[in-house]
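Reading through the structure tokens given below for one structure.
FYI, it's all coordinate maths here, none of it is from the lab. The shown structure was predicted, so the numbers you read here are calculated from the model rather than taken from an experiment. Here the Cβ positions follow ideal geometry from the backbone for every residue, glycine too, while neighbour counts run over all protein chains shown.
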Amino acid sequence: MAGATPGANKCTRCHGSRCCTYATEALGAAPRSKSDFEHLLWQVSHQGVEIYKDADGWYLMFQGACEHLLPPDGACAIYDTRPQICRDYSNDWCEFDEPAEKGFELYFRNHAELLAYCKKRFKSWGKR
Ligand code: SF4
Ligand code: SF4
């Protein structure tokens, strides 16, 4: 979300600007019921949609590069007018230093992974 810009040394060394290759959205409340997880199973079945939980809660993650990310070095095409969240993002400790997944308590990249979790979490999963 920071995007590389001349003079931002760390970001200019980060080929592809890793923080600009996905978007996230917090789930309003932690999923609890079977019905909540059924809904998540539908969402995670779509290409590029993933789900994770970290210390702050549950999130949807949409894998896909920002349309403003310029090849080949990952500069931001709208740097001067980039969204506020991109301006607020700090590169003090970011994906360049450590993959974001390291902070995930749970991480589901597809239907199969979430389904396996559902079966563990709900002993009655699949029984009507
Ligand atoms: S607008 Fe620029 S800084 Fe923000 S995610 Fe897109 S490429 Fe990155
Ligand atoms: S992941 Fe870090 S180093 Fe790479 S562009 Fe984003 S803020 Fe800069």
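Go ahead and estimate [θ] at 222 nm for the chain from helices alone: -39,500 (n - 2.57) per DSSP H run with n ≥ 4, summed, over the residue count, rounded to 500. Don't jump to the answer; show the numbers that get you there.
Working: 4 runs with 32 residues, N = 128.
Mean residue ellipticity at 222 nm (helix-derived): -6500 deg cm²/dmol.
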For region 12-59, the charge dipole (Cβ of Lys, Arg +1; Cβ of Asp, Glu -1; about the Cα centre) points to a positive end, and the Cα of G16, Q47, G28 closest to that extreme belongs to G16
I'd like the GluC sites (Glu not before Pro) in region 69-128 restricted to DSSP loop residues with at most 12 other Cβ atoms within 10 Å, sorted by number. E105
With only Lys, Arg, Asp and Glu charged, each at its Cβ (+1 for the first two, -1 for the last two), find how big the charge dipole of the chain is about the Cα centre; round to the nearest 20 debye. 820 debye
Would you list which lysines come within 19 Å of K127, measuring only between C-alpha atoms, while excluding same-chain residues fewer than 8 positions from it? K34, K119
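Would you please put 26-37, 60-71, 9-20 in order of how densely packed they are, using the mean number of other Cβ atoms within 10 angstrom per residue and starting with the highest?
On the way: 26-37: 12.0, 60-71: 14.4, 9-20: 17.1.
The packing order, highest mean first, is 9-20, 60-71, 26-37.
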So what's the gap between the Cα centers of region 55-112 and region 17-36, to the nearest angstrom? 13 Å
Spin-label model distance (nm) - H15 vs Q84, 7 Å beyond Cα toward Cβ: 3.6 nm
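Beyond 21 Å, what share of the Cα-Cα pairs of region 9-121 remains, rounded to the nearest whole percent? Provide the component values of the computation, followed by the final result.
Numbers: 2738 of 6328 pairs.
Tail of the P(r) past 21 Å holds 43 percent of the pairs.
Return a whole-number percent for the relative contact order of region 41-101, with Cα pairs under 8 Å and 6 or more residues apart as the contact set.
Values: 33 pairs, mean separation 9.4, N = 61.
For region 41-101, the relative contact order is 15 percent.
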Return a whole-number percent for the relative contact order of the chain, with Cα pairs under 8 Å and 6 or more residues apart as the contact set. 33 percent
